[in-house]
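Shown next, in structure tokens, is the structure this report addresses.
Just so it is clear, none of the values below were taken in a lab; they were calculated from the coordinates. Note that the structure is a prediction, hence the values are computed from the model and not measured. Positions of Cβ are backbone-derived with ideal geometry, glycine not excepted, and every protein chain shown enters the neighbour counts.
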Amino acid sequence: MSDMTGSKALCLEDFAQRRGQAFLRFDYQGHGASSGRFEEGTIGLWSADAVAALDELTEGPQVLVGSSMGGWIMLLAALARPQRVAGLLGIAAAPDFTEDLMWDAYPQEVRETLQRDGVYHEPSDYGEEPYTITKALIDEGRKHLLLRDPVPIVCPVRLIHGMADPDVPWELAIRLAERLESDDVEVTLIKGGGHRLSEPEDLDRLGTTLARLLEHIG
């Protein structure tokens, strides 16, 4: 439920401005400044938002950056528009999280709540408001699962993940790297790093990683 005013998005905007490069940040439907209700959103809807932004608001090859759920969205956008994507940078990327980190991990009573009510209000460690998890989010997410098969993305990919991430296990970064068909994949693991990776040293690392990726792409 983070939005485009978060520290990582603003850090990258400043990075791009200092380099004289174009930059786009946006909010998915139901997030931040965008219209819509979060509880009506799905992975398919939000990935369509990303593809629309790519199609309508950018020109030429792009490097997509995604954090957590955004890491799943960037992969789906790259699959939808491979000719437009020159590289990917994921921070605690969480492909397939609705199935592997939610449904499969939920106790039976939570599953029953979702089946009965269609919604579950999951406590959040990042704010007073709980996450609104809908059965539609879980069900629709199954249409976009990636890690069951090789992922046909061949551009350079950089993944940064904290080894103390309580929400998205760092092993998921290794699993994603193994599934990607690209031969140019690098994983950076941060011992003691959490999920947000928004401390000053984390933002410095993010900028350095992106700069090296851009130079590598040329």
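Points to keep in mind about this one:
- Residue count for segment 76-95, restricted to those that are within 8 Å of the chain's Cα centre (by Cα) and either farther than 15 Å from His144 by Cα or in a helix (DSSP H, G or I) (or both): 3.
- Within segment 1-18, the residues that satisfy the criterion of being in contact (Cβ under 8 Å) with a residue 60 or more places away in the chain and either part of a helix (DSSP H, G or I) or touching an Asp or Glu at 6+ places or on another chain (Cβ under 6 Å) (or both) are Ser7, Lys8, Cys11, Leu12, Phe15.
- Leu172 falls short on exactly one of the conditions (1) touching a residue at least 60 places away in the same chain (Cβ under 8 Å); (2) exposed (fewer than 14 other Cβ atoms within 10 Å of the Cβ), and that condition is (2).
- Residue that is of a type outside the set (Gly, Ala, Ser), crowded, with 20+ Cβ neighbours inside 10 Å, farther than 23 Å from Arg196 by Cβ and in contact with a helix residue (DSSP H, G or I) (Cβ under 8 Å, 6 or more places away or on another chain), where the choices are Ile153, Ile133, Ile91, Ile160: Ile153
- Under the condition of being part of a helix (DSSP H, G or I), in contact (Cβ under 8 Å) with a residue 12 or more places away in the chain and surrounded by 17 or more Cβ atoms within 10 Å (Cβ to Cβ), the residues counted in segment 39-50 number 5.
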